[in-house]
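Scroll down for the structure; my scribbles are underneath it.
Here, each number is a calculation from the coordinates, and none is a lab measurement. Worth saying up front: this structure is predicted, and the values here are computed from it rather than measured. As a convention, Cβ positions derive from the backbone with ideal geometry for all residues, glycine included, and neighbour counts pool all protein chains shown.
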Amino acid sequence: MGQIDLENQYKKLVGLLKDELNPQGFWSGKLSSSALGTAVAIVALKINGDDSDHLLIVNGLDWLIKNQNPDGGFGDTPQSKSNVSTSLLSYAAIRYCKDLNVDSGYSLSNIEKYLLSQKIDLNKKDITTAVIGYYGSDYTFSVPILSMLIICGVLYPEVSHKIPQLPFEFTLLPAKWYSLFNLRVVSYAIPALIGVGIFIFKTRKHHNPVMKWLRNKSIAPAMRKLESIMPESGGFLEAIPLTAFVAMCLISCGLGKNAVAEKGISFLRNQQREDGSWPIDTDLSTWVTSLSVKALGPQMMNEFSKQEISNLLTHFNLFQYKSIHPFNLAEPGGWGWTNFSGSVPDVDDTSGAILALLDLYRPGDTDTVTAIVNGCCWLTTLQNKDGGFPTFCKGWGRLPFDSSCADLTGHALFALAKSLDVLAEIIPGDLRIALTNCIARAFGFLWKVQNDNGSWNPLWFGNQFTSDNKNPVYGTAKVSIYLNDSLLCKCLDDTMKRNIGQMLDKATNYLIAQQNEDGSWGGEIGMNGTIEETSLSIAALTGKDRLVCLDGFNWLQNEFDQNGLRSNPIGLYFAMLWYDEKLYPLIYYIEALRRFLY
């Protein structure tokens, strides 16, 4: 492709991105529909027993059956390969609602065949060991799945003694103590710890009278805590699966006549789409908005009017948390992934918002300066002892989704470094020292966790077709982009820049070696290419190898001409749920073109 071709493609895609702006002046995006989200939602609505929900349940069941994979199983998205957890929950939902669709029996038979191929025999009526073994030490998902199987009659209640008891009573202790108990759920699953934990307790028989008395006494205060952390929208984390699991468990054990269950059911009603499906979450509006601004970078001011820029600034300033968050007691200063009330501040979205504001900032804008400084202060409080950054909170647990990770750490490092550069005359001396130390420790973490082949693994993103579901291409491209941009920051000393250069050399060699013969990138060499992974790889390699990048652009153009901006399920959510986002391919394609052209 020639320069003019690339420029024309860039202009076309920027036009498409502008068309995606919502009436409020930011981007909402669109998450893929989810078989798992749909399955748990229709079960929660049916258990609630409100006749006015009949059509919602019927339409959800119809969508579910129509989106069954040819092998009989279900994947997390319509484009995903089948997996055990989604297939089990879809089976439970279809079985529980089978009288509402004439094809239910045929669908159930096919799911049973798929599960048998995965060594799960539903006729045994006891598959608790298989499900728990599938998820290992992380009970975030396995215990809610088994609870729903009991609720829907797939498992007998008698097997509940084999399901791990989630210690909901621990949530009554100070949050800072949680890390001491090695809880087997991740930090963002407190609602499940309470709601599902109470269900398991009330379902199983008890042989320890002291623990039975203690847990009985803990139910009322635990429910008060659950109600206190429920957002205005009614959706815990804006997540359909989490909210539905909590609602169905509370209703099933006689606690349905309370604000938590009622608001949760209302949230589920509001989230159903016209085709009958549910996504996994309301949206990722703040995340995709920051990605869009960063994709355009310095070109933002050439492509958007002053009013459009003002709208974006308003969005970021409005949805920065100004007080302690009731869900996880996070300090003020961070951003979550969406503008809706169930969101929780996290490192990736806070780093993204800071960088977006730095791109939109103009001298004299004191409100934006305040937002950036507060965001940087918030990030420094989240850094772990190992120098890396976790997602939501510092050192909460030992499970992977609570651990430090490379892509979040690289993102935070660049956000802090660019803040020091852009606001060099504004940031006070003591904060400059704190940010500089934070950056040095983050660099040390990235140096330590870079794999021998030059790659880094991301946390919240993966690839369904790699052997371990990891996505080193995505992780390496993202960290490389952050580090490449950090090299332009004057606040980094020569020694650190030299060491970053060494890391980038290894990462560059890795990415070039992962390019497929057709010019694309997938999760690793030999995997089908996607617009997302190919675009990010080009963005990371711009200035390194022009011919490699041009081969990538040729593939992108062919893919665009043949299939449009087809999104792929590279996102991981709620422990191990795949999703795709409509705007990812558009945003990343624009970023690759902008970096290459300008």
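Taking the Cα centre of the chain as origin, work out the dipole magnitude from +1 charges on Lys and Arg Cβ and -1 charges on Asp and Glu Cβ, in debye rounded to 20. Intermediate results must be reported in sequence, preceding the final value.
Values: 51 positive and 59 negative charges, 400 e Å.
The calculated dipole for the chain is roughly 1920 debye.
Values of log10 I(q)/I(0) for segment 37-279 across q = 0.08, 0.09, 0.13 Å⁻¹ run -0.28, -0.36, -0.77, by the Debye formula with one identical scatterer at each alpha carbon and no solvent. Of the residues Cys253, Pro209, Leu108, the one whose Cα sits farthest toward the positive end of the charge dipole of segment 37-279, with +1 on the Cβ of Lys and Arg and -1 on the Cβ of Asp and Glu, is Pro209. The 3J(HN,Hα) values that the Karplus relation (6.51, -1.76, 1.60; θ = phi - 60°) gives for segment 379-386 are, in residue order, 4, 4, 6, 9, 5, 7, 4, 7 Hz. Gly and Pro appear as x.
Between segment 81-118 and segment 279-318, what is the separation of their alpha carbon centroids in Å? For segment 81-118 versus segment 279-318, the Cα centre distance is 41 Å. Given their separation in residues at 0.36 nm each and the Cα-Cα distance between them, Asn528 and Leu116 gain 145.5 nm when the chain is fully extended.
Taking mean projected area of the Cα convex hull in nm² as calculated from this structure, the corresponding entry among (1) 28.5; (2) 26.2; (3) 30.0 is (2). Each of Ala244, Gly195, Asn48 was placed along the dipole of segment 37-279 (beta-carbon charges, centred on the mean Cα), and the one lying farthest toward the positive end is Gly195.
Close amide H pairs (under 5 Å, H built 1.01 Å from N) link Ala330 with His325, residues at least 5 positions away or on another chain. Would you work out if segment 271-385 is rounded, prolate or oblate? Take a ≥ b ≥ c from the square roots of the eigenvalues of the alpha-carbon gyration tensor; rounded if a/c is under 1.5, else prolate when a/b is larger than b/c, oblate otherwise. Oblate, because a/c is 1.5 or more while a/b does not exceed b/c.
What value, in deg cm²/dmol to 500, does the helix sum -39500 (n - 2.57) over DSSP H runs of n ≥ 4 give at 222 nm once divided by the residues of the chain?
Details: 23 runs with 328 residues, N = 598.
Helices in the chain give a 222 nm mean residue ellipticity of -18000 deg cm²/dmol.
Taking θ as phi - 60° and the Karplus parameters 6.51, -1.76 and 1.60, the scalar couplings of segment 361-367 work out to 5, 10, x, x, 7, 5, 5 Hz in sequence order, x denoting glycine and proline. Comparing Tyr361, Thr381, Val344 along the charge dipole axis of segment 335-396, the residue lying farthest to the positive side is Thr381, per the Cβ-charge model.
Under a 5 Å amide H cut-off, with hydrogens placed 1.01 Å from N, Lys394 pairs with nothing among residues at least 5 apart or on other chains. Converting phi to 3J(HN,Hα) with the Karplus coefficients 6.51, -1.76 and 1.60 and the offset θ = phi - 60°, segment 521-535 yields 10, x, x, 6, 4, x, 8, 3, x, 10, 4, 4, 5, 5, 5 Hz in sequence order, with x at every glycine or proline. In plain terms, the chain from Gln3 to Asp430 could stretch by 149.0 nm, reckoned as 0.36 nm per residue minus the Cα-Cα distance.
Counting only Cβ charges, +1 for Lys and Arg and -1 for Asp and Glu, the dipole size of segment 37-279 around its Cα centre is about 1000 debye.
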